[in-house]
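Read the structure below first, then the notes.
The values are calculated or read from the model by the stated rules, or taken from the named source; none is laboratory data. Only a predicted model underlies this, so the values are computations on that prediction, with no experimental measurement involved. Ideal geometry is used to build each Cβ from the backbone, glycine not excepted, and the neighbour counts take in all protein chains shown.
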Amino acid sequence: MHRFFCYGIFFFLFLLQCVFPARTIPPTSPPELPGINKWHQFSKLMDAGKGANFPGMSELKRYFHRFGYLDADDNFTDTFDDTLEAAVLTYQKKLGLPVTGKLDSDTMAQIMSPRCGVSDGTNRKHKMTHVSEHYAYFRGEPRWRKPDKSETLTLTYAFSDSHIINYLSYSDIRGAFQRSFSRWASTIPVSFIEVDDYRKADIKIAFYEGDHGDGVAFDGVLGVLAHAFSPENGRLHLDKAETWAVDLKLSRSNVAVDLESVATHEIGHILGLAHSSVKEAIMYPSLGPRTRKVDLKIDDVKGVQNLYGSNPNFRYTPSMESDISSGYGYGRGRWVASLMLLVGFLIW
């Protein structure tokens, strides 16, 4: 009995170490986790602040550069310097996190979360700008233009025949996108029509893996989920390496990504919206696995209506105020907590 009591105390202390890691940062990286994005390596930098020097800090700087928080991509050292502190502060403000200037647990959880590949737009070299609301636009506020002022705006979309996934039926993929397009169309005087001619379609939807020739390579499971380009480019790309799902209740994968949620977000970019700082908004940049987030929020609606005007039949609905839901309860918070617990176990 005494032995079991001691084992129980040891296991409890072990959990405390994983959930509340010591401020001393381990000098080595945790081993690779199969099926988990490489951003989990940043967990070793937990609680680091200005002046700290640890292997891997340079990779974190590249992460911040990629998403628009650092200007230069050269001379990235492993020191937590003034420029990194400024980037962390801006990142925390932009994404609604506690503004500490340190790599605290909330910030690290956000950094390790799967997300959209479009820049958050705080880098002056990236083509975005903020407005007085939480929503944001690409620089110059590009939008799709009507061919004639007397005509309604109709955009065509098509799916690539050669760059598609085969474990979901084509009808399920089409259905997810149809519902996503319909949500945006219900708010603005724009209609979306599916066509067969991929090359001539206004919006071109395709699944790619790795470097696929547009200058923004995908990075595997649960890293960058997808990306899209501003008007009137029309390209919408999803990472083929992800485990895409159209019904989370039917998917057994712990890393399943809800296709409709990501499609709705990327269509927002296609229309001209950049990333929002409202966590519940569709245009917030991150989405955890097994999380369904498809309802437009007021921030999304105001942003897109400022570009295109309001659909005459548009009405606000209660869903615009409600929280997101998670399939099987695997929302972002629980997933990140589980990931960090596993990382802590492997390091320990």
query: Taking the stated definitions as given, is residue 294 more than 19 Å from residue 234 (Cβ to Cβ), crowded, with 24+ Cβ neighbours inside 10 Å and assigned by TED's automatic domain parsing to the domain that holds residue 229?
result: no
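Between 132, 180, 169, which is at pLDDT below 95 and not charged (D, E, K, R)? Outline the logic, then answer.
Working: 180 fails: at pLDDT below 95; 169 fails: at pLDDT below 95.
The conditions single out 132.
Among the residues of region 152-161 satisfying the criterion of being out of contact with any Ser or Thr (no Cβ under 8 Å at 6 or more places or on another chain) and touching a residue at least 40 places away in the same chain (Cβ under 8 Å), which is farthest from residue 193 (Cα to Cα)?
By that ranking, first place goes to 160.
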task: Check off (1) assigned to a loop (DSSP other than H, G, I, E, B); (2) of a type in the set (Ser, Thr, Tyr); (3) more than 18 Å from the chain's Cα centre (by Cα); (4) crowded, with 21+ Cβ neighbours inside 10 Å for residue 230 and give me the number that stays unchecked.
output: (3)
statement: Here the residues within region 256-281 that are in contact with a helix residue (DSSP H, G or I) (Cβ under 8 Å, 6 or more places away or on another chain), among the aliphatic types (A, V, I, L, M) and under 28 Å from residue 99 (Cβ atoms) are 273, 278, 281
- request: Consider residue 279 carefully, then state whether it is under 13 Å from the mean Cα position of the chain (by Cα), assigned by TED's automatic domain parsing to the domain that holds residue 158 and basic (Lys, Arg).
  value: yes
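Quick grid of which residues meet (1) among the polar types (S, T, N, Q); (2) closer than 19 Å to residue 207 by Cβ; (3) in a strand (DSSP E or B):
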| position | (1), (2), (3) |
| --- | --- |
| 137 | no, no, yes |
| 141 | no, no, no |
| 146 | no, no, no |
| 154 | yes, no, yes |
| 161 | no, yes, no |
| 165 | no, yes, no |
| 172 | no, yes, no |
| 178 | yes, yes, no |
- request: Tell me, please, whether a residue that is touching a Ser or Thr at 6+ places or on another chain (Cβ under 7 Å) and aromatic (Phe, Trp, Tyr) can be found in region 176-188.
  value: no
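Could you tell me which residue of region 246-281 is surrounded by the fewest Cβ atoms within 10 Å (Cβ to Cβ), considering only residues that are in a strand (DSSP E or B) and touching an Asp or Glu at 6+ places or on another chain (Cβ under 8 Å)? If you could, list the steps in order and put the result at the bottom.
The initial filter retains those residues of region 246-281 that are in a strand (DSSP E or B), namely 256-258, 273.
Filter once more, keeping what is touching an Asp or Glu at 6+ places or on another chain (Cβ under 8 Å): 257, 273.
On the way: 257: 25, 273: 27.
That would be 257.
Is it the case that residue 48 is outside any loop (DSSP other than H, G, I, E, B) and small (Gly, Ala, Ser)? Can you show your working first?
On the way: outside any loop (DSSP other than H, G, I, E, B): no; small (Gly, Ala, Ser): yes.
Judged against the criteria, residue 48 is not a match.
Does residue 186 satisfy the criteria of being under 28 Å from residue 313 (Cα atoms), surrounded by fewer than 20 Cβ atoms within 10 Å (Cβ to Cβ) and free of Cβ contacts under 8 Å to residues at least 12 places away in the same chain? Lay out the reasoning, then the answer.
Working: under 28 Å from residue 313 (Cα atoms): yes; surrounded by fewer than 20 Cβ atoms within 10 Å (Cβ to Cβ): yes; free of Cβ contacts under 8 Å to residues at least 12 places away in the same chain: no.
Judged against the criteria, residue 186 is not a match.
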- request: Answer with yes or no whether residue 217 is surrounded by 18 or more Cβ atoms within 10 Å (Cβ to Cβ), of a type in the set (Gly, Ala, Ser) and in a loop (DSSP other than H, G, I, E, B).
  value: no
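Results for (1) modelled with pLDDT of 95 or more; (2) of a type in the set (Phe, Trp, Tyr); (3) touching a strand residue (DSSP E or B) at 6+ places or on another chain (Cβ under 8 Å), shown as yes or no for each residue.
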position	(1), (2), (3)
206	yes, no, yes
226	yes, no, yes
229	yes, yes, yes
236	yes, no, yes
241	yes, no, no
247	yes, no, no
275	yes, no, yes
282	yes, no, no
295	yes, no, no
